[in-house]
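Remarks on the structure that follows.
What follows draws every value from the coordinates through simple rules; no lab data is involved. Fair warning: this is a prediction, and the values are worked out from it, not measured in the lab. Backbone-built Cβ (ideal geometry, glycine too); neighbour counts: all protein chains shown.
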């Protein structure tokens, strides 16, 4: 660490106020299993991954672009807030077709970062627990001229950043951190042409962060690590770079495939016999040509789960959804290459094993593999670990399994704020589920929104 920067800069500070709405969802809810077939076509919110990438590209570009169908959730709100703190001009308008989406107009600054702080008072950027914001902004502010302090919630301070910081230092960046994690103070010295090598063994977001800023910075990026040449998230970033070069005044964000996996999974579960066997559930506006690896989810699970699924080669975050389906499969399933799940919003491998175990599932954890044997499961009170995907995975299970209770359901605001409203809405736009609070009262409408 540079001695001239005060250590007080790295202490936990009160995060800047972000205009998230108050959360009325109770601390515990119960999902009642459906009792009749459901015919539904449900709309998924916009892609978080694409929204945050597009926000960076639009801000660094040289024209005004409107992002239509952009996700409006905790992770994208922190990105918008940080860009506004950096001096970018953004205007956010409601999306009449989807409550969790927005139309976001971004006036590009032509590669400039309009604002910065000083060595004594860096410009504060609070990223919450948004890995995309933490990584993308770290690279982006290196293009600025001044000092920036990136910080987040406690879990974000535990998540890896070292490979990205090493690459940025190779490019001439000055980054001060006690342990190569957040909080960190970054000194931007303007665009400086150079080249670096970055490993994506821990997160592909490291490479994406560099690629998003590379054109303005004059950077040449060498990506190494697990499956580097075929990483689906790096490929998404590369495709977006090309699409943005040819985009007009409006750029459409496709639905979030990871969020849509819960809708597809609900249909798969409900068709596994019983009173709901005649269910037909689909996702509206499902892209024919797609950027997201999790768009493969419905094909990976139909008609039956395969004997093995890999987080590295087959699915992204939606592998968690497949894991909770496995007790209803026709054969044992091995879920492999799960290492990255351990360093995300929570230690997801251990969390999935523990919560499925509570439900009576037969789960073995062997290294970065989970092996699950089909068999009967029962309800339980599910700890979500402040992880949106844990909440949504097990809530989906509750559509089939009696007694599933979800703790801290409001954590879904990270990527899918109206998730529980979609479950409870009447078909065909929802699934018609009954959701109760701890006192047994049926919740509906805005009672199910974490805002």
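Counting only DSSP beta bridges with both residues in the range 47-249, what percent are antiparallel, rounded to the nearest 5?
On the way: 22 of 32 bridges.
The answer is about 70 percent antiparallel.
Stretching the chain fully between residue 174 and residue 215 yields a gain of 12.8 nm (0.36 nm per residue, less the alpha carbon separation).
Both numbers refer to the Cα atoms of the chain; Rg and Dmax are 21.7, 69 Å. Look at where the Cα atoms of the range 150-206 and of the range 288-313 average out, and the two centres are 31 Å apart.
Express in whole angstrom the spacing between the alpha-carbon centres of the range 124-138 and the range 421-451. Computed from Cα coordinates, the inter-centre distance equals 32 Å. For the range 270-361, a/c is not less than 1.5, where a ≥ b ≥ c are the root eigenvalues of the C-alpha gyration tensor, and a/b does not top b/c. That puts it in the oblate class.
Per-residue Cβ neighbour counts within 10 Å put 321, 250 in the sequence 250, 321, beginning with the fewest. FRET efficiency for the pair residue 439 and residue 308, taken as 1/(1 + (r/R0)^6) with r the Cβ-Cβ distance and R0 = 35 Å, rounds to 0.20. Between 0 and 90 degrees, the angle of helix 232-245 with respect to the longest Cα principal axis of the chain falls at about 60 degrees. When the Cα gyration tensor is reduced to axis lengths a ≥ b ≥ c, the ratio a/c is 1.5 or higher for the range 197-286, and with a/b not above b/c it is classed as oblate. You can think of it this way: the chain between residue 115 and residue 381 has 91.1 nm of extra reach, that is 0.36 nm per residue less the Cα-Cα gap. Out of the DSSP beta bridges found with both residues in the chain, what percent are antiparallel (nearest 5)? Beta bridges within the chain, antiparallel portion: roughly 65 percent. Shape class for the range 47-249, computed from the alpha carbon gyration tensor (a ≥ b ≥ c): rounded, with a/c under 1.5. Distance from the Cα centroid of the range 207-256 to that of the range 42-79 is 14 Å (rounded to whole angstrom).
In this rough spin-label picture, where each label sits 7 Å from Cα along the Cβ direction, the residue 93-residue 290 distance is 2.9 nm. Between residue 241 and residue 362, full extension at 0.36 nm per residue minus the direct alpha carbon distance yields a gain of 39.2 nm.
Taking the number of other C-beta atoms within 10 Å as the exposure measure, put 174, 388 in order starting with the fewest.
Working: 174 15, 388 28.
Ascending number of Cβ neighbours within 10 Å: 174, 388.
Could you give the angle, 0 to 90 degrees to the nearest 10, between helix 257-270's Cα long axis and the longest principal axis of the Cα atoms of the chain? Here the helix axis deviates by roughly 10 degrees. For the peptides 270-278, 53-61, 203-211, the ranking by mean Cβ contacts within 10 Å, running from highest to lowest, is 203-211, 53-61, 270-278.
Rounded to the nearest 500 deg cm²/dmol, what is the calculated helix-only ellipticity per residue at 222 nm for the chain, with -39500 (n - 2.57) per DSSP H run of length n ≥ 4? Spell out each step's value before the answer.
Values: 13 runs with 129 residues, N = 451.
Value at 222 nm, helices only, nearest 500: -8500 deg cm²/dmol.
Over the chain, calculate the relative contact order: mean separation of alpha carbon pairs under 8 Å at least 6 apart, over the residue count, as a percent. Dividing the mean separation by the residue count of the chain yields 21 percent. Look at 256, 314, 446, 368 and count the other Cβ atoms within 10 Å of each Cβ; fewest to most, that gives 446, 368, 314, 256. Against the main long axis of the alpha-carbon atoms of the chain, helix 388-397 sits at an angle near 10°.
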